[in-house]
Structure formats: structure tokens, C-alpha cells
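A short write-up of the structure that comes next.
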Amino acid sequence: MSDQIHIVEMGPRDGLQNEKMLVSVEARIAFVEALVAAGLNTVEVGAFVSPKAIPQMASSDQVLRGVSHVKDAEFHVLVPNEKGYDAARAAGAKVVSVFAAASEGFSRANINCSVAESIERFKPVLARAKADGVKVRGYISCVLGCPFDGEIKPKAVADLAVTLWDLGCYEISLGDTIGVGTPLKAREMLRAVGAELPVDNLAMHFHDTYGQALANLYAGMEEGVRVIDSAAGGLGGCPYAPGATGNVATEDVVYMLEGMGVKTGIDMDRLLATTNEVAGLLGRPPVSRVASALNAKRKRLAKS
């Protein structure tokens with residue numbers, strides 16, 4: 001458990017893309033810069049998708065170009081197809097992400113095609129990325145449950161993970177998209193995938209809808225997974241999960257890890273300031289328990 005844990009910050013992409021308010025390019029660039037300054041050196045900064053479908057991610061090319069001056073950081077962008085890949089490459093992308101769902105129902109609701117069809121869409125992306133020397137990360141949605149198909153069998157997740165791995169993804173991020181998982185289910189799923197692929201190349205992307213994300217992450221750490229996706233302030237959500245509070249909050253993850261003696265290299269003060277800044281832009285307080293507690297503590301100390 002004392003091994004180094006790597007956090008991939010999802011706030012600027014998976015967090016903001018589910019917010020109703022549109023955040024300006026300038027504010028998104030400042031958000032990324034602040035996250036890196038806090039010690040988060042791997043950040044997903046945007047998605048090269050249709051602005052009609054996801055207006056929150058419009059001008060992701062400008063965001064990626066706008067943070068290109070930042071040193072010692074790796075920036076990821078999501079691409080759904082070759083058109084998105086072309087745009088991402090033109091903006092200087094060095095790491096791209098592709099995505100598929102472990103459930104047919106979610107795949108059809110989310111991207112209007114079957115799981116098999118979604119894989120065919122990004123096969124050319126992976127082939128071109130390999131030729132271009134671009135790293136590709138693979139996401140799998142609904143690994144612990146689906147709003148349409150219900151329970152998802154671990155074997156289905158493992159089979160899809162193997163497909164993404166064989167196509168060339170360097171890392172497979174396993175997403176509890178609607179946040180319904182519990183620790184035993186998370187452990188069972190991760191063991192199934194870990195039996196097929198190196199655990200060092202797996203990541204956990206757990207949403208906190210039912211307040212189980214930290215417990216699920218701990219179970220995954222016990223299985224040897226050392227990469228965690230999170231979003232500052234618990235930003236995000238899923239349109240198919242009513243009441244979803246979004247990704248597990250980065251500051252909650254950092255607090256847990258540091259309390260376990262796991263050094264993250266992340267400055268909590270700077271992270272909290274960043275979380276408060278973006279929450280202010282969105283017009284609401286952060287949903288993170290740690291941010292809420294620290295903000296209350298500081299307010300109390302300021303009055304004393």
C-alpha cells in the first residue's frame with residue numbers, strides 16, 4: 001500500500017463536460033495550469049467531439065494549445081473517431097483516449113452504436129496513433145453496473161479490456177460511470193481483468209454517486225492497481241445516472257492516500273484553492289467532503 005499512486009486528473013474534461021454552465025477557454029486553461037501547479041502532472045484537458053453534442057468541450061484545440069507551454073506535465077484528450085484524432089493531432093496532442101462501454105445499452109444510449117461498432121470506429125485511430133508515436137489510453141464505461149442493462153459481468157469487462165489492450169492501448173481505465181459499485185464487486189471485477197492483463201496497466205475511474213468511490217478505490221489498491229482517475233471538487237456526473245455527484249474528488253483521494261502514508265506529491269492547499277476557484281465559476285460549492293471540511297475549518301480559524 002505504500003507504493004506510489006499515480007493520479008490522473010479528469011476535472012477539465014470529464015468534470016466540466018457534464019456541467020450545465022459553459023466555461024471559457026481562458027478559464028479552462030487557467031484551471032489546467034493551477035492543477036499542474038498543485039502537483040497533478042497528468043491532466044485530461046478536453047475532448048475532440050462535436051460541439052453540438054457536447055458544447056462544454058468546444059474549442060478543446062485552443063485549450064490544448066494554450067497549455068502547451070506548461071512543462072513536466074502530460075496532457076490527454078478524448079477522441080471518438082478519426083476526425084477527432086485529426087483535430088487533436090493538429091492541436092499537438094501526444095496522448096489520446098478512446099472509449100467503449102461494457103454494456104450494449106449504455107453504448108447505444110451514449111454514442112448510438114453497439115460495442116462492436118464503437119471498436120470498429122476507433123481501430124483506425126489506434127493504427128494511426130501507433131504509426132505517429134502517439135500514446136492511446138482506453139476507457140471502459142459501466143464496469144460495475146449499467147442504467148439500462150443492470151449488472152455487468154466481470155468477464156464482459158475483462159474481454160473488452162483485452163480487446164483494447166490488443167489494439168494498442170497502453171493503459172485501460174475501468175469506469176464505474178454511474179457510481180453503483182461496492183468494494184466486493186470492484187474487487188471481483190479487477191481480479192477478472194487483472195487475470196488477463198498486467199495490473200500495472202490498469203486504472204480505476206470510479207464515480208461517487210452512492211458514496212462508495214473511496215472504498216472501491218481502496219479495494220482496488222489491495223488488488224495492486226496503482227492509477228486513479230479523479231476530478232477536483234468531485235466535478236462531473238452522468239446524464240443517465242440521476243443524482244450522480246460526479247467523479248471521486250481529487251482532494252478526497254489525496255487526503256485518504258496521504259493519511260495512509262502514500263506520498264502523492266500534491267499540494268493540498270493549492271488543490272483546494274483550485275477547487276474553490278472552479279466551483280466559484282460554476283456558482284456552487286464543491287461536493288468534495290475534504291474541500292467542504294477544510295473550507296469550514298479555515299473559515300472558523302479566520303473568525304477566531
Could you check how many residues of segment 1-17 are over 21 Å from residue 262 (Cα atoms) and surrounded by fewer than 24 Cβ atoms within 10 Å (Cβ to Cβ)? 1
What number of residues within segment 154-189 are within 17 Å of the chain's Cα centre (by Cα) and polar (S, T, N, Q)? 2
Can you name the residue in segment 103-123 that is in contact with a strand residue (DSSP E or B) (Cβ under 7 Å, 6 or more places away or on another chain) and farther than 21 Å from residue 13 by Cα and is also surrounded by the most Cβ atoms within 10 Å (Cβ to Cβ) among such residues? 103
Which of the residues spanning segment 40-63 are surrounded by fewer than 23 Cβ atoms within 10 Å (Cβ to Cβ) and polar (S, T, N, Q)? 41, 42, 50, 56, 59, 62
For segment 18-39, how many residues are in contact with a Gly (Cβ under 9 Å, 6 or more places away or on another chain) and crowded, with 22+ Cβ neighbours inside 10 Å? 4
Long-range neighbours under 9 Å by Cβ, at least six apart or interchain, first residue over 19 Å from residue 59 (Cβ atoms) within segment 86-101, second assigned to a strand (DSSP E or B) and modelled with pLDDT under 95: 99/141; 100/141; 101/141; 101/146
Could you list, in sequence order, all residues of segment 88-117 that are more than 15 Å from residue 45 (Cα to Cα) and either within 19 Å of the chain's Cα centre (by Cα) or assigned to a strand (DSSP E or B) (or both)? 99, 100, 101, 102, 103, 106, 107, 110, 111
Mind checking whether some residue in segment 32-45 is under 20 Å from residue 122 (Cα atoms) and in a helix (DSSP H, G or I)? no
Single unsatisfied condition, residue 272 versus (1) out of contact with any helix residue (DSSP H, G or I) (no Cβ under 7 Å at 6 or more places or on another chain); (2) free of Cβ contacts under 8 Å to residues at least 24 places away in the same chain; (3) hydrophobic (A, V, I, L, M, F, W, C): (1)
Just name the residue that is modelled with the lowest pLDDT out of those in segment 1-59 that are touching a helix residue (DSSP H, G or I) at 6+ places or on another chain (Cβ under 7 Å) and acidic (Asp, Glu). 19
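The values are calculated or read from the model by the stated rules, or taken from the named source; none is laboratory data. From a predicted model like this one, the values you see are computed outputs, not experimental measurements. Glycine also receives a Cβ, built like all others from the backbone with ideal geometry; neighbour counts cover every protein chain displayed.
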